[in-house]
Amino acid sequence: MDSLNRMALELVDEAIEFTDELDIAVSELDTETTVLDFGVDVDGGLEAGLLLVEIQTAGLATVQTRMDEVGGVPMPFVEFSTDQPALAVLCSQKAGWELGTEDFEGLGSGPARALVAEEEEFARVGYEDVFEFAVLAVESEELPTDAAAEQVAELTGTDPGAVFLPAFSTASLTGSVNMAARAAELAVFRLSELGYDPLDIVSASASAPVAPVAASEEAAIGRTNDALAYGGRAHVVVREEFDRFDEVASSASDEYGRPFAEIFADVDWELYDVPESIFAPAEVTIDVLGGGTYHYGRTDEELLTSSFGL
């Protein structure tokens, strides 16, 4: 497999070429790091969000929007599919990098994680990237700073001028699109965490509604997670049977049925204190090659209607 960062860089170049059409902004820090504003000081958009998902998955996923309904109300949904789930979602798309300096905090996702490769997923998949450029998508209310860029460069072993940081806030249209594209990632991650070999996951497809943009970052985090846990639907093709398929959908969690705003408030917004089992798509179908087909979970349109303010 080619370098994930090299493949993502080609998509970053596309974003830079079409900044006006995408309504994004590009700037350069004093460190010569390139920052692409997909939804912090700009509004972001559906197309910008879709391209950002492609960047985060290093081009190994197909993403598009379609119209559907939540509680009888027409809304856009994101459809996502990949035939390289281990690499595309576990080694690239997953938001597994807590980026923090004295003047900046953000959550990193994308192929730069594979240059560090210290998360458990990389050992399970057996992948580590080597490349002179790093691409890290950063979710934050503010644009990355020089200190943040230097931290990324140091940890990835690259020069700060070779670092590219697409940035967005959760409370943006890009943020809503970005989260809606994570239903497949959550299904694959959940399987991996339960002990299933990620290399035996052949393909993953999913859809979820694009949550209306909330007025604050906290409200947006609640809404976008509701979109996945109560509106996300995933289909996964795997090679081997497993006795814990029934634990993949969010309905297997004791927290199921509660809006994320309440769940987060109970732990003072310490996201890592929330049980992992609720971070899953609402509904999952698992198709074993040459074996059984299993369906678990259910969507909750009533909760979504309330969460979305419909």
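Expected output is a single nm value to one decimal: the length gained when fully extending between Glu132 and Val26, i.e. 0.36 nm times separation in residues minus the C-alpha distance. What is it?
Working: separation 106, 0.36 × 106 = 38.16 nm, distance 2.08 nm.
Result: 36.1 nm gained on full extension.
On full extension of the chain, what length is gained from Asp2 through Glu302, given 0.36 nm per residue of separation minus the C-alpha to C-alpha distance?
Between Asp2 and Glu302, full extension yields 103.6 nm more.
Using the alpha-carbon atoms, what tilt in degrees (0 to 90, nearest 10) does helix 217-231 show relative to the longest principal axis of the chain?
40
Where the only charges are on Cβ atoms (+1 Lys, Arg; -1 Asp, Glu), what is the dipole of the chain about its Cα centre, to the nearest 20 debye?
It works out to roughly 1220 debye.
So how do 37-49, 253-265 stack up, highest first, on mean other-Cβ count within 10 Å? Write down the numbers at each step before the final one.
Working: 37-49: 22.1, 253-265: 16.5.
Final packing ranking: 37-49, 253-265.
Roughly what would the spin-label model give for Leu194 and Thr62, points 7 Å off Cα along C-beta, in nm?
Each label point is offset 7 Å from its Cα along the Cβ direction, giving 2.7 nm.
Mind listing the phi-derived Karplus ³J(HN,Hα) values for the range 275-284, rounded to whole Hz, using 6.51, -1.76 and 1.60 with θ = phi - 60°, and x for any glycine or proline?
Karplus-based 3J(HN,Hα) across the range 275-284 equals x, 4, 4, 7, 7, 7, x, 5, 9, 9 Hz.
Residues with beta-carbon under 9 Å from that of Arg190, excluding Arg190: net charge, scoring Lys, Arg +1 and Asp, Glu -1?
So the surrounding residues net to -3.
Kindly express, to the nearest 10 degrees and within the range 0 to 90, the angle between helix 183-193's C-alpha long axis and the longest C-alpha principal axis of the chain.
80
So how far apart, in nm, are the two label points at Glu241 and Ser203 if each is 7 Å from Cα heading toward Cβ?
Reported label-point gap for Glu241 and Ser203 is 2.4 nm.
Placing +1 on the Cβ of each Lys and Arg and -1 on the Cβ of each Asp and Glu in the chain, which of Val40, Ser253, Tyr296 has its Cα farthest towards the positive end of the resulting dipole?
The residue sitting farthest along the positive end of the dipole is Tyr296.
Can you give me the angle between helix 46-56 and the longest principal axis of the chain, using Cα atoms only, in degrees from 0 to 90, rounded to the nearest 10?
For 46-56 against the chain, the angle is about 80 degrees.
Bear in mind that the values in this text are calculations on the coordinates, not laboratory data. No experiment lies behind these values; they were computed from the predicted model shown. FYI the Cβ positions are ideal-geometry reconstructions off the backbone, even for glycines, and counts take in every protein chain you see.
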